[in-house]
Structures are given as structure tokens and as C-alpha cells.
Amino acid sequence: MTAHRNCEQNIDKAPHRELWPQWRRIAAKPKISQSIRDLYDQLDQEVSQRNPTCWISGRCCNFDQFEHRLYVTGLEIAWVLNQSPLPPEHQIDRQAPCPYQVTKLCSIHGSRPMGCRVFFCQEGTENWQQKLYEQMMNKIRDLHVKHAITYRYLEWRRGLAEALEQV
Ligand code: SF4
């Protein structure tokens, strides 16, 4: 299991009601949105150079069954929801697979968050995944600092549920 899907360090468990409208607004700004897209594109290029295999089992998006978690920043959740909205009435089941998984496939492949882009269950890929993830997380943190954006690191389904409550 690699740390980006299972890294409980620095997890923020406090509620963020007041932050979601800010993150949604900031993530919609063209400059910020493009910066996030550029980071994801850069990550995709780095991953493709390492040529890992995905067997499209869909297991890694079924967190409880796979016994791991996906952690992301609040800003990333806001960005994903801006690109690929879930209806506000959508109920996030914290025990269920990712709400964007449809018949084993990711329905938001182009806008999936960073942790999903770098994770592969292929044996032997853990070390480079970890290093690459840390490099990219530093860049995400830098983006927050540069634009004075509040940084929080959250479990994916919990963050999505909170964000939808604030729509
Ligand atoms: S966003 Fe896509 S790749 Fe990431 S956990 Fe959800 S379904 Fe899987």
C-alpha cells in the first residue's frame, strides 16, 4: 500500500464548513484551475515515463474492500467538484466505493485527483509512487502558499460529503 492512498499523517478531522465556499470559488478561478490542471498533467507525464500497468480491476476505488484510503486537499476536492459536479442531494456513503466509480471504471478520469493519478497496485512501483507523490504534494502546497489558500488534507469521501452539504 502506498502512502498517498494511506497517509494518515497531517489529516485534518475538524469540520470545514466555512472553507468549502472559499475553496469552490478559488478553484474556479481560471489561473488557479489551470495551475491545478498543469500539475496533474505534469504528474501524468511523470507516471507515463515509468509505464506502470493498471489492470482496471476497480479494486483501488473500493476503499474499504481494498483496505486503504484516498487523501486529498480541500482545494482539490473543490476543483474536482467544479469539473465534475455531483448533485447536491447525492448522499456520500462513507463505506461505499468512490461515488465516481461506475462499473469498475473512473467516470471522471480526466479530472480525478492527484492520489488517483499516481496510485498503481502493481508490485514494485511503491517507491517511485511515494517519491513522486511527495514531490507533487510539495507543489500543491506551494500553490496554496503562493495564493494564500487555506491548506487542509482530508479523506476523500468525507471531504466530498462535507463539500456537498455546503452547496
Ligand atoms: S476519482 Fe476515479 S480513480 Fe479516483 S477513486 Fe474515484 S473512481 Fe477511483
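The values are calculated or read from the model by the stated rules, or taken from the named source; none is laboratory data. The structure displayed is predicted, hence computed values, not measured ones. Glycine gets a Cβ as well: all are built from the backbone with ideal geometry, and neighbour counts include every protein chain shown. Just so you know, the surface numbers come from the protein's heavy atoms only, side chains and all, with ligands and any DNA or RNA stripped out. Shrake-Rupley method; radii C 1.70, N 1.55, O 1.52, S 1.80 Å.
Annotations for the structure displayed:
- Residue pairs meeting the criteria (Cβ under 6 Å; at least 6 apart or on separate chains; first within 11 Å of the ligand (Cβ to nearest atom), in the stretch 52-69; second of a type in the set (D, E, K, R) and not in a helix (DSSP H, G or I)): G58/K104; F63/R69; R69/E155
- Residue identified as over 24 Å from Q42 (Cβ atoms), open to solvent by less than 50 Å² (accessible area, probe 1.4 Å) and not in a helix (DSSP H, G or I) among L154, L164, L86, L160: L86
- For the stretch 89-120, filtering for residues that are in contact (Cβ under 8 Å) with a residue 60 or more places away in the chain, assigned to a helix (DSSP H, G or I) and more than 9 Å from the ligand (Cβ to nearest atom) leaves 2.
- Single residue of the stretch 12-64 satisfying the filter (out of contact with any helix residue (DSSP H, G or I) (no Cβ under 8 Å at 6 or more places or on another chain) and among the small types (G, A, S)) that is farthest from L160 (Cα to Cα): S48
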